[in-house]
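**Q** Quick one: this structure, given as structure tokens, is what I'll be asking you about.
Values in this text are rule-based calculations from the coordinates and carry no lab data. None of the values given here were measured: they were computed from a predicted structure. Here the Cβ positions follow ideal geometry from the backbone for every residue, glycine too, while neighbour counts run over all protein chains shown.
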Amino acid sequence: MRMFDRRGLLAAIAALTLVAGCAGAGTPKDAQGNPLEALTVTTSTGTHRFMVEIADDEAERQRGLMGRPPLADDRGMLFQFPDVAERGFWMHNTPSPLDIIYIDPRGRIVSIAKNATPNSDEVIPSNGPAMGVLELRGGRADEIGAKPGDVIRHPFFAE
């Protein structure tokens, strides 16, 4: 009888391990293995879907997209800050142009710096308080018709 109980216990542990492993397998990742989250931008041209990396600690925010290849049309990076403040971004060691979209706590676009110059150390201001920043491939904001006041939906922003 003890042998049966042990086998049953081992089978249950194996099944739980398999289920736990499969649960993490569904998380989308980019080519570098970074987890991606869904985000939408709603403009006058419709709702546009993106999968974004999250930069939510100081080291990730400092590194950003430095040394990375150009983003695909449906990819981006969302920088999350613990407070609302004037922000300033630069393109230090970032080899391809980006659209830098500053976002308020409700998910509204504050301002957009279009086609920021690669490898530039010039600080690009938010021109208003922002809690988040979305970086997209340079030119993408114009392609989707993004403008200040448009809405970005992601769990980070209050609706």
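**Q** Tell me the label-point distance for the pair Asn115, Arg153, using the 7 Å Cα-to-Cβ offset, in nm and rounded to one decimal.
**A** For the pair Asn115/Arg153, the computed spacing is 3.1 nm.
**Q** Semi-axes of the range 29-153's equivalent ellipsoid from the Cα gyration tensor, sqrt of 5 times each eigenvalue, largest first, rounded to whole Å?
**A** Details: eigenvalues 70, 57, 44 Å².
Equivalent ellipsoid semi-axes, largest first: 19, 17, 15 Å.
**Q** Could you check the simple spin-label distance between Lys29 and Ser96, using points 7 Å along Cα→Cβ, in nm with one decimal?
**A** Rounded to a tenth, the inter-label distance reads 2.1 nm.
**Q** Same structure, new question: Could you work out the local net charge near Arg106, counting Lys and Arg as +1, Asp and Glu as -1, over the other residues with Cβ closer than 11 Å to its Cβ? Display every interim value, and only then the final one.
**A** Working: positive: Arg108, Arg153; negative: Asp104, Glu159.
Net local charge, Arg106 excluded: 0.
**Q** Rounding to the nearest 20 debye, state how big the charge dipole of the range 29-153 is about its Cα centre with +1 on each Lys and Arg Cβ and -1 on each Asp and Glu Cβ.
**A** On the way: 14 positive and 19 negative charges, 61 e Å.
The dipole of the range 29-153 has a size of about 300 debye.
**Q** Given the peptides 26-32, 152-158, arrange them by the average over their residues of other C-beta atoms within 10 Å, most packed first. Let's see the in-between values first.
**A** Working: 26-32: 9.9, 152-158: 16.3.
Going by the mean number of other Cβ atoms within 10 Å, highest first, we get 152-158, 26-32.
**Q** Taking the Cβ of Arg75 as the center, what net charge do the other residues with Cβ under 12 Å away carry, scoring Lys and Arg +1 and Asp and Glu -1?
**A** Details: positive: Lys29, Arg49, Arg68, Arg137, Arg140; negative: Asp30, Glu37, Glu53, Asp73, Asp74, Glu135.
That works out to -1.
**Q** What is the gain in length, in nm to one decimal, between Val84 and Asp57 on full extension, counting 0.36 nm per residue of separation less the C-alpha to C-alpha distance? Each step should come with its number before you reach the end.
**A** Numbers: separation 27, 0.36 × 27 = 9.72 nm, distance 1.51 nm.
Separation in residues times 0.36 nm, less the Cα-Cα distance, equals 8.2 nm.
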